[in-house]
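For reference, the structure discussed in these notes is given below.
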Amino acid sequence: MAKFVVIEEPHATVRVPWDLPDDLAGDVHAQLSSKPFRSRLLAAVKQVVAGFPAQAGVRIHISR
């Protein structure tokens with residue numbers, strides 16, 4: 001039997017302005033894909049979840 005069950009999968013969409021130059025859009029993409037960004041995003045999500053006692057014990061995974 002599974003130890004955890006997925007009950008919700010919220011997601012965030014990052015939209016850039018249509019007229020953003022390609023090199024800047026590439027920079028945004030690179031930052032969003034970087035390990036430091038993903039680590040900070042995971043830490044931020046865990047901090048938010050920790051503020052809700054009913055969610056004690058849940059596991060958080062950040063994927064692309």
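Quick one: angle between helix 35-50 and the longest Cα principal axis of the chain, in degrees between 0 and 90, rounded to 10, please.
On a 0 to 90 degree scale, this one is about 40.
Past the 14 angstrom mark, what percentage of all C-alpha to C-alpha distances in the chain do you count?
Tail of P(r) above 14 Å: 68 percent of Cα pairs.
No lab work stands behind these numbers, since they all come straight from the coordinates. These numbers come from a predicted model, not from an experiment.
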